[in-house]
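Data block below; observations after.
The values are calculated or read from the model by the stated rules, or taken from the named source; none is laboratory data. On a predicted model such as this, the values are computed, not experimentally measured, just so you know. Every residue, glycine as well, gets a Cβ built from its backbone with ideal geometry; the counts of neighbours run over all protein chains shown. Just the protein is used for accessible areas: all its heavy atoms, side chains included, with ligands, DNA and RNA removed. Shrake-Rupley method; radii C 1.70, N 1.55, O 1.52, S 1.80 Å.
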Amino acid sequence: MKKHNFNAGPSILPREVIEKTAQAVLDFENDGLSILEISHRAKNFQPIVDEAVALFKEILNIPEGYSVIFLGGGASLEFCMVPFNFLEKKAAYVNTGVWAKKAMKEAKGFGEVVEVASSANDNFTWVPKAGKDYQIPADADYLHITTNNTIFGTELFSDIDSPIPVIADMSSDIFSRPIDVSKYGMIYGGAQKNLAPAGVTFVIVKNDLLGKVSRYIPTMLDYRTHIDGGSMFNTPPVLQIYTALLSLRWLKAQGGVKEMEKRNIAKAELLYNAIDNSKMFVGTARKEDRSRMNVCFVMKEQYAHLADDFIKFATSKGMVGIKGHRLVGGFRASIYNALPIESVQALIDCMNEFEKANA
């Protein structure tokens, strides 16, 4: 039976990327060694890092003056590294859910943190907009945003015009659409959504913003350390960076972020339309802020008792990972770049079949 992978992360990767990674695990570049056992100082690994950085810059059209580095620790470590490197007196945070709250909590250990906007009172079902729902404090060192919220299924689709540097957690929507990198001081994210297996973090940072804080920054937590070391100050996650490179090659061959945006819009519209026209299911996020990456929905009240039955039924049909996050329940279909539209249609067919039998 064919499996349809809707996992929120670690999540689906292109099949050809998985197959090429598997081959490299057995024999990397016909060298007689596995990529799992080569040195990160090996002459045939440096070109992997160099090409991955070059493709990052090419695909996202990253301007001069920015560095791309690969780190460990996931986005959760970045929640700490960001204020360590950028927060001198005050930082502004937009609270759009669990991960934004975690980032804000870490920053409070380094200086004043201002929550400029929050959708918590509405269970994070919408995204506050700069200029409309909040004003950016000009005296803050940076504004931190989370562009896509995997747990609640909301997404910010526009780049913010800001008088201060914008730092964005793009863990779950990087490479899903074009962005204007010049409007950001830094973009970071765990790679296990649209890029690579868990274990590597990407950072895109504007170089001239670094080195401005007065505090001592531990060597490993200073972005300049990793820029100067070319992501190899210490042993990097070799396998994950290699798989990231394969994903970037695949992404470029598919037509880049413009093509991904086109496909992602088509997939999201198909699934949301099915939910909106359903007798049994209903979406949870406001329509204008619905994520293209994580489609969150629940049973309508009169059918709520059938939620577990639907999970079992969907699983029997090959649907994987559609159970909602433990904090919110319901259902979640993560439809990242590598998920084909055929899988979305398979989920819709599954929903329709269950509804026909039970509604």
- Note on the structure: The correct ranking of Thr146, Thr235, Thr125 by accessible area at 1.4 Å, largest first, is Thr235, Thr125, Thr146
- Given charges at beta-carbon only (K, R positive; D, E negative), |dipole| of segment 213-269 in Debye: 180
- Item | MRE, 222 nm, helices only [DSSP H, n ≥ 4, -39500 (n - 2.57), over the chain, to nearest 500] | -11000 deg cm²/dmol
- Roll a 1.4 Å probe over the protein chains and send me the accessible area per residue for segment 1-140 in Å². 50
- Query: Whole-Hz Karplus ³J(HN,Hα) for segment 267-273, in order, using 6.51 cos²θ - 1.76 cosθ + 1.60 and θ = phi - 60°, x for Gly and Pro?
  - Reply: 5, 5, 4, 4, 6, 5, 4
- Taking θ as phi - 60°, what are the ³J(HN,Hα) couplings along segment 11-26 by the Karplus curve (6.51, -1.76, 1.60), each to the nearest whole Hz, with x for Gly and Pro? 9, 4, 10, x, 4, 5, 5, 4, 5, 5, 5, 4, 5, 5, 5, 7
- How do Ser214, Ser316, Ser231 rank by accessible surface area computed with a 1.4 Å probe, from largest to smallest? Ser214, Ser316, Ser231
- Query: How many angstrom separate the Cα center of segment 1-65 from the Cα center of segment 149-174?
  - Reply: 25
- For segment 203-307, what class follows from the C-alpha gyration tensor (a ≥ b ≥ c being the square roots of its eigenvalues): rounded when a/c is under 1.5, otherwise prolate if a/b is larger than b/c, else oblate? prolate
- Note on the structure: Share of accessible surface on carbon and sulfur in segment 194-254, whole %, 1.4 Å probe and ligands ignored, is 52
- GNM top mover of Lys90, Lys129, Lys267 - the chain, alpha-carbon springs below 10 Å: Lys129
- Message: As a test of reading the structure, rank Leu33, Leu13 by solvent-accessible area (1.4 Å probe, protein chains only), most first.
- Response: Leu33, Leu13
- Task: Tabulate in residue order the Karplus-calculated ³J(HN,Hα) for segment 349-358, using 6.51 cos²θ - 1.76 cosθ + 1.60 with θ = phi - 60°, rounded to whole Hz; enter x for Gly and Pro.
- Result: 4, 5, 4, 5, 5, 5, 5, 4, 7, 10
- What figure in square angstrom, to the nearest 10, would you give for the accessible area of Met220 with a 1.4 Å probe? 80
- Message: Could you identify which residue out of Ile145, Ile227, Ile335 has the top mean-square fluctuation in a GNM of the chain using Cα springs shorter than 10 Å?
- Response: Ile227
- Query: Of all the accessible heavy-atom surface of segment 308-359, with the other protein chains kept in place and a 1.4 Å probe, what percent is carbon and sulfur?
  - Reply: 50
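So what is the relative contact order of segment 205-344, in percent, for Cα pairs below 8 Å that sit 6 or more residues apart?
Computed over segment 205-344, the figure is 18 percent.
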- Message: Which residues does the label zone of Val282 cover in segment 313-338, counting backbone N under 19 Å from a point 7 Å along Cα→Cβ?
- Response: 324-325, 328-333
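I need the shape label for the chain. Rule: rounded when a/c is under 1.5, else prolate if a/b > b/c, else oblate, with a, b, c from the alpha carbon gyration tensor.
oblate
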- Item | Low-density loop cleavage sites - GluC sites (Glu not before Pro) in segment 1-82, where at most 15 other Cβ are within 10 Å (DSSP) | Glu37, Glu64
- GNM top mover of Asn85, Asn273, Asn121 - the chain, alpha-carbon springs below 10 Å: Asn121
